[in-house]
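The values are calculated or read from the model by the stated rules, or taken from the named source; none is laboratory data. Here the structure is a predicted model, which is why all the values come from computation and not from measurement. Because the Cβ atoms are built from the backbone with ideal geometry, glycine has one as well, and the counts that use them run over all protein chains shown.
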Amino acid sequence: MFTGLVAGVGWLAMREHRDGDVRLRIAAGTLPFDGVALGESIAVNGVCLTVIAFDAEGFEADASTETLALTTLGVLPPGRAVNLERAMLPTDRLGGHLVSGHVDGVGAVASVLDDARAQRWRFTASAAVLRYVATKGSICVDGVSLTVNAVDNAGFEVALVPHTIAHTAFCATVIGDPVNLEVDLVARYVERLLQGRTAG
């Protein structure tokens with residue numbers, strides 16, 4: 001489980017094809033990396049990956065065909081900056097929102113507009129994702145917990161403050177780039193509960 005508060009920015013250092021799927025090497029970059037352990041979870045652009053090897057410079061993780069097909073990791077080029085967050089501890093502050101690292105869909109950057117010192121970013125998303133997006137609700141974009149300012153049938157809009165832009169991979173993200181989207185966990189569970197009530 002994660003919070004959507006990016007702890008560091010690294011980059012994709014290597015993509016190695018192995019019998020139909022891929023092994024990724026992620027350079028840790030600015031991520032605090034002390035105490036990393038085999039088997040721990042690290043979110044890479046919002047995708048929960050399992051550490052299978054590591055050294056002082058970064059870690060390796062396997063990405064299944066499902067992960068490659070349903071997230072941006074399938075097309076991410078080597079050298080591309082990525083948002084990194086290690087799994088939260090029970091004693092951590094929940095400064096963002098509960099994020100599972102299980103991506104619901106891929107959207108894209110539609111526009112970026114200056115808004116005083118901040119920026120307004122608009123993302124396209126599929127109807128299957130947008131049904132869970134609500135104004136003033138939470139959404140995770142490439143591993144970053146954000147508040148939805150507006151939503152319509154084609155996409156949604158958020159505001160990025162200067163700190164977020166400077167300390168995440170958004171500083172290297174441009175219009176047209178694909179992004180991983182994870183909706184608020186609460187929305188998915190509420191829908192499932194309502195389906196059960198209707199069936200009953």
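Residues in the stretch 17-54 that are under 16 Å from V75 (Cβ atoms) and exposed (fewer than 13 other Cβ atoms within 10 Å of the Cβ): H17 alone.
Per the listing L146, L193, the residue uniquely within 16 Å of the chain's Cα centre (by Cα), among the aliphatic types (A, V, I, L, M) and either over 24 Å from V44 (Cβ atoms) or outside any loop (DSSP other than H, G, I, E, B) (or both) is L146.
Inside the stretch 95-116, residues that are surrounded by fewer than 14 Cβ atoms within 10 Å (Cβ to Cβ) and closer than 17 Å to E182 by Cβ make up a count of 1. Applying the criterion of being surrounded by 15 or more Cβ atoms within 10 Å (Cβ to Cβ) and of a type outside the set (G, A, S) to the residues of the stretch 80-94, the residue that is nearest to A37 (Cα to Cα) is R86. Cβ-Cβ contacts under 9 Å between residues 6 or more apart (or on different chains), taken from a first residue in the stretch 171-190 that is in a loop (DSSP other than H, G, I, E, B) and surrounded by fewer than 13 Cβ atoms within 10 Å (Cβ to Cβ) to a second residue that is among the polar types (S, T, N, Q) and at pLDDT 95 or above, are listed as I175/S111.
With at pLDDT 95 or above, in contact with an Asp or Glu (Cβ under 9 Å, 6 or more places away or on another chain) and more than 19 Å from D177 (Cα to Cα) as the only criterion, which of V129, V151, V141, V161 stands out? Checking each option against the conditions leaves just V151. Only one of the numbered conditions (1) more than 18 Å from A87 (Cα to Cα); (2) of a type outside the set (A, V, I, L, M); (3) out of contact with any Phe, Trp or Tyr (no Cβ under 9 Å at 6 or more places or on another chain) is not met by N45, and that is (1). Screening the stretch 1-102 for strands (runs of 3 or more DSSP E) wholly inside it with 1 or more residues that are outside the structural domain of D184 (by TED's automatic domain parsing) and more than 30 Å from A187 (Cβ to Cβ) returns the ranges 8-18, 21-27, 53-55, 58-63. In the stretch 119-135, of all residues being surrounded by fewer than 16 Cβ atoms within 10 Å (Cβ to Cβ) and among the hydrophobic types (A, V, I, L, M, F, W, C), the one that is nearest to S145 (Cα to Cα) corresponds to A134.
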